[in-house]
Amino acid sequence: TIEKKLYLDGQFYKGHLPSIIFNGNYYPFRETESLDLVLQLQRTDLSIINNYTKDYIDNLRGLITADIAITGTTNKPELNGYIQLQKTSFEVNYLKTGFSTPFCKINVTPDMISFDNVQFFDGTGRNTAITNGTIFHEWFKNFNFDVGLDANDFLAMNTSVNDNNLYYGKAFVSGLVNIGGYG
């Protein structure tokens, strides 16, 4: 039998080098396993996703390298692979402080995104925290997250009364911190 599919093969360039590469098949008439794609990023400028993160994270900078297989369906995509962040910095809007990391490897599976033992620097650039994180999800809905930090004099918040009149100021944290919840 002949099966209808759409073959995708594309590249976006930065200068003369491909930065975003994708290829594979989309089967529009299949009810299951309609996606069979690969997405690769090669030292792509991380600022390209600023528009998607600006409500929570701002000034996202750095380089991203990734190799992700995308299967499943458009309603229930399954991602498998890894993401590597290099020379990454960003500001968490709610906390009004910046963070940076020289390197972070993120593992991606169909129901989980995780990273282990990643060194982050605070906005001062001197103090560090070693972090571990896990985000569970059901096809990118019903998120459950758990982030752990082992910090030493780490600037975690730098807000003013204009940001939040209930609590504000500079908060430095030391010790083991665990943040988890649903969102």
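When the range 139-183 is filtered for residues that are open to solvent by 40 Å² or more (accessible area, probe 1.4 Å), in contact (Cβ under 8 Å) with a residue 40 or more places away in the chain and hydroxyl-bearing (S, T, Y), the ones remaining, listed by number, are S160, Y182. A single entry from I113, I106, I20, I83 fulfils the requirement of being farther than 27 Å from A129 by Cα and either in a strand (DSSP E or B) or among the polar types (S, T, N, Q) (or both): I20.
Going through (1) within 25 Å of C104 (Cβ to Cβ); (2) touching a Phe, Trp or Tyr at 6+ places or on another chain (Cβ under 8 Å); (3) open to solvent by 40 Å² or more (accessible area, probe 1.4 Å) one by one, I20 falls short only on (3). Count of the range 95-110 residues, restricted to those that are in contact (Cβ under 8 Å) with a residue 40 or more places away in the chain, on the phi < 0 side of the Ramachandran plot and either in contact with an Asp or Glu (Cβ under 7 Å, 6 or more places away or on another chain) or open to solvent by 40 Å² or more (accessible area, probe 1.4 Å) (or both), is 2. From the list N59, N75, N25, exactly one residue is outside any strand (DSSP E or B) and not β-branched (V, I, T). Which is it? Answer to the check: N75.
Among residues belonging to the range 116-138 that are under 22 Å from L176 (Cβ atoms) and not in a strand (DSSP E or B), point out the one that is most open to solvent (accessible area, probe 1.4 Å). Checked the range 116-138; the qualifying residue most open to solvent (accessible area, probe 1.4 Å) is R126. The set of residues in the range 41-79 being among the hydrophobic types (A, V, I, L, M, F, W, C), open to solvent by less than 60 Å² (accessible area, probe 1.4 Å) and within 15 Å of the chain's Cα centre (by Cα) consists of L41, L46, I57, L60, L63, I64, A66, I68, L79.
The values are calculated or read from the model by the stated rules, or taken from the named source; none is laboratory data. In this text the structure is predicted, and so the values were computed from the model without any measurement. Using ideal geometry, Cβ is built from the backbone for each residue, glycine included, and neighbour counts are taken over all protein chains shown. Accessible surface is based on the protein model in full, side chains and every heavy atom, while ligands, DNA and RNA are left aside. Shrake-Rupley method; radii C 1.70, N 1.55, O 1.52, S 1.80 Å.
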